[in-house]
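The values are calculated or read from the model by the stated rules, or taken from the named source; none is laboratory data. Computed from a predicted model, the values in this text were never measured in an experiment. For neighbour counting, all protein chains shown are included, and Cβ atoms are generated from backbone atoms with ideal geometry for every residue, glycine included.
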Amino acid sequence: MTELWATLQNGWQWLTESLTPSVFSDPVTDPVAVFLIIMAIMLVAPLLFERIRLPGIVGLILAGVIIGPNGFGVLERDSTIVLLGTVGLLFLMFMAGLETSLDDLKFNADKAAIFGVATFAVPMVLGTVAMMGLGYSFLAAILVASCFASHTLLALPVATKLGIMRVPAVTATLGATLITNIFALLVLAVVVRAHQGDLDLGFWLFLIPALTIYTIATLWGVPVVGRWFFRRFGHDEGAEFTFVVATLFVVSYAAELIEIEPIIGAFLAGIAITQLIPQLSPLMNRIQFIGNTLFIPFFLISVGMLVDPLVLLGDPQSLLVAGVMVLVAIVAKLVPAWGSGKLFGFDKSSIMVMFGLSVAQAASTLAAITVAYQIELVDQLTVNGTIAMILVTCIASPWVTARWGPNIKMGATKQNQSKSQPATTGKGSPARYRILVPVANPNTEDNLLQLALILAKTSGGTLLPLHVLDDSQGPISPEKKVQQDQLLATAERAANAAVTPVEPIGRVDGSIDRGIVRVAQERNASLVICGWKGYSTYQENFFGSVLDSVVRRATIPVLVTRFPQPIETIQRILLVISDADITSSTIQQTLSLAQTLATEFKATLILIRTASDSIWRSANKGDESVLNLSPDVPVQRIQGNLVPKVSRMLEINDLLVMTAGNQPERFGVSALGVAPEAIARANVDTSMMIIHYPTPFKSQDGGYGNG
């Protein structure tokens, strides 16, 4: 047997030495060449492995094994690789937090708690028994068992790509990850202190209060600071992105200061800051793009570079320890996933996704075993077995998730959305918005574009940015044409950043309003979004404004919006409906829009029901049932004068949504009506959205005839 192991070991050494080109006899150290090799791996490895129906993540890990110091020695795992790998790990946990909805966590809190305790307790018991059976001491066995209990969400990019991040199984696993990793890292801290003889009352008196204060401060303080920052600097895209990344590292470093792993802080930072970033916004797209295409692949490659295949061939005992650790790691994660999934009523696919996400061992495991080896609590055999376990589980995790994830995409997602979000009706859900947005000044209309992009991306639609030049006073100057091109280019860049189809439109017409209405018809727009300052001047009341003309003549719905605050700061959406709205044919469209915005902004939807004195009794009969509202949506009823009562309810981080009736065209009356303008004047710092639906009998030429 000894000769067999020696033969295998010599064979691997011969293979690596003979196949390694002479140019790589020493590791590549030139910065340009190192980065070139890494980028080539990021490009080729995922594409190659996806062609053979394996997740691209597996390709990145195995590529790290091949080029690493324990493979062909092409690259060293030097401080640069460690740095970028650490950043990638933090980004991975941060993005897991960003994908975690607090509402979903609250709804699935019981599932997350049960699975979190189970996926911690079962590996702890099985791991301790198995390692003590191999002759490990009690403390060493407990520490190794804590490595089985923790897990790294290595397959999270796979779940994101499959679109299953919001299903109950994934949400429960995300919450369980937080629970089990915290418990496992606490076990590590306790075992290390016990081994060193420093486990005393002072340790507990510091750790528990510090962890509690840290968690509350992160989940409460980050949104408060973020809203202040976005309110002050929300129009600077670079500043927004830098703030988000800085928040990630500040919170992660603060976790180190209270002696817990930074990955826990990164996950909490993601949960805290996701309240400020709409899921389909350009900012969220930038974060996901940078993380998924650069930093996370660095982490995966760096994990592969840790693996040393020779350690399994150097000692038969090493293979035994590795085999036991791999077997225990798989069984100890499969059992709680299966048991918890059956308890929750999940199908087989959901259970396997829970197992696939929770089986990977990498970050916390490496941290724990490295600390244990440094204090001589475990030996080299344990490190070897841990590396083998990491390799097997890191390959199995994305494969299992990719294999079973598509089977739960449709059914479970719909079930989760129907329970955790306000119900929407198919009748009211628009199909593929083509959104026309007149642009004039990108600095003041950033919120307008972001709103249009979110609605377009939600429905899989197209953004139509429009700039109209008025030639009624004479020919258009070249300077104005250049300005038009620049404005449309800015809007096009914003759409491309959000990965949204865009068709920029430059127009010359006899008037601004006529150009908007005609383009809406010519380009088959389904929605127009216009900016609004919140009031009408005396001149506009006398002659009529461009906005009034567009609203009165448009043959499609018009959203008239005012955003004195960045849309990232919206916390509540107040939808005002009247008795006429309840019975109108457009009520479901209004509800669908409000519910979509509430979901994307992570905001609370509140329904305000208004009724006149004469019909207040009939309005009190609860006929909101025809709206098919979720029971979670609060309904507040007001009677009498609308303006002061709604104004008293508004706060600075609210978005007020109202519908505008078809006002008769008369002197001094805005097309939006008296009440919206009165509320806007009384609440200058509150965001508002007025929805105007066209009258069904309006002529298709927008009222302009042939002129």
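Contact list please: Cβ distance under 6 Å, first residue in segment 191-216 and in the same structural domain as V144 (by TED's automatic domain parsing) and over 17 Å from E256 (Cβ atoms), second residue β-branched (V, I, T) and modelled with pLDDT of 75 or more, pairs at least six apart or on different chains.
V191/I142
Any idea which of A45, A40 is surrounded by fewer than 14 Cβ atoms within 10 Å (Cβ to Cβ) and modelled with pLDDT of 85 or more?
None of the other options fit; the residue is A40.
Among the residues of segment 203-222, are any in contact with a Gly (Cβ under 8 Å, 6 or more places away or on another chain), crowded, with 16+ Cβ neighbours inside 10 Å, of a type outside the set (F, W, Y) and under 16 Å from I287 (Cβ atoms)?
no
Looking at the structure I just gave you, is V144 over 20 Å from F267 (Cβ atoms), surrounded by fewer than 22 Cβ atoms within 10 Å (Cβ to Cβ) and in the same structural domain as P262 (by TED's automatic domain parsing)?
Criteria not met by V144.
Which condition breaks for G474 when tested against (1) within 27 Å of L559 (Cβ to Cβ); (2) surrounded by fewer than 20 Cβ atoms within 10 Å (Cβ to Cβ)?
Here G474 clears every test but (1).
One residue is enough: does segment 198-206 have a residue meeting the conditions under 30 Å from V499 (Cα atoms) and part of a helix (DSSP H, G or I)?
no
Kindly state which helices (runs of 4 or more DSSP H) lie completely within segment 234-303 and contain at least 2 residues that are more than 16 Å from the chain's Cα centre (by Cα) and of a type in the set (D, E, K, R).
Those helices (runs of 4 or more DSSP H) span 237-257.
Given the criterion closer than 21 Å to T86 by Cβ and either hydrophobic (A, V, I, L, M, F, W, C) or out of contact with any Pro (no Cβ under 9 Å at 6 or more places or on another chain) (or both), identify the matching residue among I258, I277, I208.
Exactly one residue qualifies, and that residue is I258.
Would you please name the residue that is modelled with the lowest pLDDT, looking only at residues in segment 86-135 that are of a type in the set (S, T, Y) and surrounded by fewer than 22 Cβ atoms within 10 Å (Cβ to Cβ)?
So, considering only residues that are of a type in the set (S, T, Y) and surrounded by fewer than 22 Cβ atoms within 10 Å (Cβ to Cβ), the one modelled with the lowest pLDDT is T86.
Within segment 584-610, can you find the residues that are over 19 Å from L642 (Cβ atoms) and of a type in the set (D, E, K, R)?
Result: E600, K602.
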